[in-house]
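The next block holds one structure in the form of structure tokens; read it before the comments.
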Amino acid sequence: QVQLVESGGGLVQAGGSLRLSCAASGSIININTLGWYRRAPGKQRELVATIIISGGGTSYADSVKGRFTISRDNTKNTVYLQMNSLKPEDTAVYYCNGKGIYYDGSYSRMFDSWGQGTQVIVSS
């Protein structure tokens with residue numbers, strides 16, 4: 001299987017910055033995309049940003065464009081989310097998602113894995 005572990009959440013004042021990290025591990029053959037999602041209290045989980053590992057193409061939710069930047073380190077199977085100019089409405093649990101192919105000991109299989117989430121709280 002493939003495990004994703006997030007880190008970097010915390011409490012920050014409005015206007016501040018945080019950097020989230022997500023490291024993927026396991027019998028990974030290839031990662032196609034890594035992304036960040038978030039779930040605010042009382043709301044559904046929403047896409048924040050995604051990155052295509054080969055090529056580096058990115059996409060962002062309109063609400064974070066210009067403030068958040070997603071990047072990756074292919075040598076470490078790690079994705080980052082640099083969050084600047086944070087707003088109270090960015091408060092949420094942030095989840096990392098990865099899609100790709102792994103080896104289960106016998107066959108190559110596709111994975112679509114989630115991390116456990118990291119809390120981000122932005123105070124006004």
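The values are calculated or read from the model by the stated rules, or taken from the named source; none is laboratory data. This is a predicted model, so every value here is computed, not measured. All Cβ positions, even for glycine, are placed from backbone atoms using ideal geometry, and neighbour counts span all protein chains on display. Heads up: the accessible areas ignore ligands, DNA and RNA and are worked out on the full protein's heavy atoms, side chains in. Shrake-Rupley method; radii C 1.70, N 1.55, O 1.52, S 1.80 Å.
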Please compute the net charge surrounding Tyr60, taking Lys and Arg as +1 and Asp and Glu as -1 over other residues with Cβ under 12 Å from its Cβ.
0
HN-Hα J in Hz across the stretch 3-10 - Karplus 6.51, -1.76, 1.60, θ = phi - 60°, x for Gly and Pro
10, 10, 10, 8, 7, x, x, x
If the convex hull of the alpha-carbon atoms of the stretch 35-117 is projected onto planes in all directions, what is the mean projected area in square nanometres?
6.5
Expressed as a whole-number percentage, the relative contact order of the chain with C-alpha contacts under 8 angstrom and at least six residues apart is 36
Which whole-number value in Å² is the accessible area per residue of the chain, probe 1.4 Å?
53
May I ask for the Rg/Rh ratio of the stretch 1-75, computed from Cα atoms with Rh as the Kirkwood radius, given to two decimals?
0.97
Quick one: among Lys43, Lys87, Lys99, which has the greatest mean-square fluctuation in a GNM of the chain with alpha-carbon springs under 10 angstrom?
Lys43
Treating only the Cβ of Lys, Arg, Asp and Glu as charged (+1, +1, -1, -1), what charge dipole size does the chain show about its Cα centre? Round to the nearest 20 debye.
120
Sparse-neighbour loop sites [trypsin sites (Lys or Arg not before Pro); the stretch 48-89; at most 15 other C-beta within 10 Å; DSSP]:
Lys65, Arg67, Lys76
Computed over the stretch 1-55: relative contact order in percent, which uses C-alpha pairs under 8 Å that are six or more apart:
28
Not counting ligands, DNA or RNA, and with a 1.4 Å probe, what is Thr50's accessible surface area in Å² rounded to the nearest 10?
30
Surface share of carbon and sulfur [accessible, 1.4 angstrom probe, percent] for the chain:
48
